[in-house]
Each structure stands twice: as C-alpha cells, then as structure tokens.
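Asks: First the structure, which I've put down as structure tokens, then a few questions once you've had a look.
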Amino acid sequence: MKKDFLSILDITKTELDEIISGAERLKRQKRAGVPHELLRGMSLAMIFEKSSTRTHISFEVGMHELGGHALFLNAKDLQIGRGEEIRDTARVASRYVSAVMIRAYRHSTVEELAENATIPVINGLSDREHPCQILADILTIREHFGDIRDLSVAWVGDGNNVCNSLVLSSALTGMAVTVASPKGYEVAPELIEKARSLGGKVTTAKTPEAAAKDAHVIVTDTWISMGDEAEREKRLAAFHGFTVNDQLLRHAAPDVRVLHCLPAHRGEEITGDVLDGPQSLVWDEAENRLHAQKALLVKLLKK
Ligand code: CP
Ligand code: NVA
C-alpha cells in the first residue's frame, strides 16, 4: 500500500519520531561525508503551481543526495496548465516516477492527485497545510531543546496553512500550541477541535503578548500568503500589532527561540533585529527542510 503525506496527521507519533531521528542521522552523515544513497534509481516529480525557493531546492538536492533524481515541473508548462485532468496526470506520473511532490493552490488538487496516483504523494504546501515545513520545525526545536514534550509554542500571526499544520502537530509532539491571530484570520475552530480530540494541547490567545507569555518558541509567517496578494492593504491594517519584535520576546521564556518558515518580510510580521538576532533559529530551520524531507522520502519510498 502506498502512503501519502498530505497532512501532518498522515503519520503517527512513532512515524514522526522515526522521521525526525532519521533526519538527524542523515544530517550527521551528510556533515561527515558519509554516502547515503538509499533511494538510488528512484525519481521524484515536483509539480509547482506557486513559487518556491526552499521546497524546490531542498527536495531536488535531497533526492540527489539520496542517489535519486528530481524533476522540476512548473504546472503552467505541464498539460494540466492547459486543462488536462489531475487524475490523468496522476495515473501517468505513476508509470514514470517513484513519488510526486506537489505545491498547489487548492488542497483538493493535492487530494485528487493522491487519490488517483499509485505512488506516494507529498503535499509541498496547499491552502490547508504545509506539513513538510512542520517536520523541519520539529527537527529544529528538538535539536535546540532536546526533549520537546513539555515545551510551549506560540504562533503569532495569520491562521494559515503553516499554522494549521503546527496546530495539528500538537497531537503528535505533545507540545502546547497557543495561537494569537487578528479577528477574521483565526485558525478554523474545527481544526483546533481535531487536534484536541487527538490529545493535542491547543489554545487561543487574544493578544500576541498573551500567546508569547512564557513560550519557549515563537513562530510566525507572512501576513500575505501566496494567493492573498489582492488583500495586501486590508491585511497590513488587520495585522497591525502582530509583529514579532524584541518587546514581544520579553514576555516569553528567557531562552525563547524564534522560527519563521520564510520568505520573511522584515518590518511586517517580524523585525530584522529578531530575524537576524541571536534568538532566531530560522536559518537552521531552513536547512532542516533538507534533512527532514530526505528522511520523509526514505520513509515513504524505501522498501
Ligand atoms: N518555507 C517554504 O516553503 O519556502 P518556499 O516557499 O521558498 O518553498
Ligand atoms: N503561508 C505562506 C508560506 C510560504 C512558505 C504561503 O502560503 O505563502
């Protein structure tokens, strides 16, 4: 049976643990120059409906380092760009490659691809979730803090795709997640309920300061995700006061660390002082996309 990774909840606690430990091992092997061509001869199709720097580079380099091959496919250049059905693309791709990673506007596109493919499908970001990002975030938090179970994580900003995956991940990691978003940009209550029903510790806070209180990790992301550009002015006004800055960090635990999936907008959701400062783990976080996704690919593909 093929296994997809469309949501962070498509894996169990044990599988998450195996992926994070695998990522740590692959990272050490890369640093030591130890070859780890675990997916020799395999191919990954990477379909992008939207822009990408980290997801594109890390999946492509990751497949190369695992001894396999990755194909960058801009959706506009594929026949899907001219109306070929996703289900037909799924069937055909399944005859050529070992797995597909897709970054799509609509989560339903990712689901349709997965339903019709006989090979694993990985969500490289949709409007609902960005589970690969959260794998890298968990790896980064574990590297820094060691035992993560009793940590508190604050999300300050848009209740978007990255936030959704973080909230759901509470059910797997045991970390408490508190979300502060402006009115109208909150995480869907059903999603919070889902995380809670599976044992996740998720709460909401009225202000960024309340969310940040005693937090070990503060996470934020752009106020204007890909596809939201037309709402730029409205969003800038709504998110006023939600910038992650030095004052906000003072409410957190003394050793607080800051994550941001990138791309960042200095002066909007985060100040340059914080992003480039000593409490920022964002560059390790970006690097960890590579190691976490290599471990994910091995988990999904290695027989
Ligand atoms: N964080 C992230 O997914 O970055 P890209 O959009 O550059 O892939
Ligand atoms: N929330 C952002 C994440 C980018 C990696 C977006 O969807 O554009």
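Where a number appears in this text, it was derived from the coordinates with a stated rule and is not lab data. Note that the coordinates shown come from a computational prediction; the quantities given were computed from them, not determined experimentally. FYI the Cβ positions are ideal-geometry reconstructions off the backbone, even for glycines, and counts take in every protein chain you see.
Asks: What whole-number distance in Å separates the alpha-carbon centres of the range 272-297 and the range 124-150?
Replies: Going from one Cα centre to the other spans 10 Å.
Asks: For the range 192-250, which trypsin sites (Lys or Arg not before Pro) pass both filters: DSSP loop (anything but H, G, I, E, B) and at most 12 other C-beta atoms within 10 Å?
Replies: On the way: sites: 194, 196, 201, 206, 213, 232, 234, 235, 250; in loops: 206, 213, 250.
Answer by residue number: 206, 250.
Asks: Only four residue types carry charge here, +1 at the Cβ of Lys and Arg and -1 at the Cβ of Asp and Glu. Report the dipole size of the chain about the Cα centre in Debye, rounded to the nearest 20. Could you put the intermediate results ahead of the total?
Replies: Numbers: 38 positive and 43 negative charges, 166 e Å.
So the magnitude is around 800 debye.
Asks: Another question, if that's okay. Assuming R0 = 35 Å, what is the FRET efficiency of residue 147 and residue 78, from their Cβ-Cβ distance, to the nearest 0.05?
Replies: Calculated value: 0.20.
Asks: Related question: How many percent of all Cα-Cα pairs in the range 172-238 sit more than 16 Å apart?
Replies: Counting every Cα pair in the range 172-238, those more than 16 Å apart make up 56 percent.
Asks: Restrict the search to the range 77-117; then list the GluC sites (Glu not before Pro) that DSSP places in a loop and that have at most 16 other Cβ atoms within 10 Å of their Cβ.
Replies: Sparse-neighbourhood loop GluC sites (Glu not before Pro): 84, 85.
Asks: Note down the Stokes-Einstein diffusion coefficient of the chain in µm²/s, whole number, using a Kirkwood radius over alpha carbon pairs, 4 °C, and 1.567 mPa s.
Replies: Working: Rh = 19.5 Å.
Reported coefficient: 66 µm²/s.
Asks: Turning to a different aspect of this structure: Can you pull out the trypsin sites (Lys or Arg not before Pro) in the range 1-100 whose DSSP state is coil and whose Cβ has at most 11 other Cβ atoms within 10 Å?
Replies: For trypsin sites (Lys or Arg not before Pro) across the range 1-100 that sit outside H, G, I, E and B with at most 11 neighbouring Cβ atoms in 10 Å, the list reads 40, 76.
Asks: Oh, and also: List, largest first, the extents of the alpha carbons of the range 38-85 along their principal axes, each in whole Å.
Replies: In descending order, the Cα extents are 36, 22, 12 Å.
Asks: Which listed residue (6, 51, 29) has the Cα farthest towards the positive end of the charge dipole for the range 2-67, taking +1 on Lys and Arg C-beta and -1 on Asp and Glu C-beta about the Cα centre?
Replies: Going by the Cα projections, it comes out as 29.
Asks: For the range 29-77 and the range 194-258, what is the separation of their C-alpha centers, rounded to whole Å?
Replies: Value for the Cα centre distance between the two parts: 31 Å.
Asks: Can you compute 3J(HN,Hα) from phi for each residue in the range 17-26, using the Karplus curve 6.51 cos²θ - 1.76 cosθ + 1.60 with θ = phi - 60°, rounded to whole Hz and x for Gly and Pro?
Replies: So the Karplus estimates, Gly and Pro as x, are 4, 5, 5, 5, 5, x, 5, 4, 5, 5 Hz.
Asks: Taking Cα atoms, how many degrees apart are the long axis of helix 131-145 and the longest axis of the chain, rounded to 10 and kept between 0 and 90?
Replies: It is inclined by approximately 60 degrees.
Asks: Still on this model: Quick query: amide H of residue 200 versus all other amide H atoms, modeled in the peptide plane; which residues come in under 5 Å with a sequence gap of 5 or more or a different chain?
Replies: Counting only residues 5 or more places away or on other chains, the set is 171.
Asks: While we're on this one: Using Cα pairs under 8 angstrom and six or more residues apart, how large is the relative contact order of the range 5-98, in percent?
Replies: 27 percent
Asks: Taking Cα atoms, how many degrees apart are the long axis of helix 107-116 and the longest axis of the chain, rounded to 10 and kept between 0 and 90?
Replies: Around 30 degrees separate the two axes.
Asks: Still on this structure, please answer the following. Quick one: which residues, 5+ away or cross-chain, put their amide H under 5 Å from the amide H of residue 122? H built at 1.01 Å from N.
Replies: Amide H neighbours of residue 122, under 5 Å, 5+ apart: 5, 100, 101, 102.
Asks: Please give the calculated 222 nm ellipticity per residue for the chain, where each DSSP H segment of at least 4 residues contributes -39500 (n - 2.57) and the sum is spread over every residue; nearest 500 deg cm²/dmol?
Replies: On the way: 12 runs with 130 residues, N = 303.
Roughly -13000 deg cm²/dmol at 222 nm, from the helical runs in the chain.
Asks: Hey, another quick one. Calculate how large, on average over all directions, the projected area of the Cα convex hull of the range 44-190 is; give the answer in nm² to one decimal.
Replies: 10.2 nm²
Asks: In 5 Å bins starting at zero, report the fraction of Cα pairs in the range 175-303 per bin as a rounded %.
Replies: That works out to 2, 9, 17, 18, 20, 18, 10, 4, 2, 1, 0, in percent per bin.
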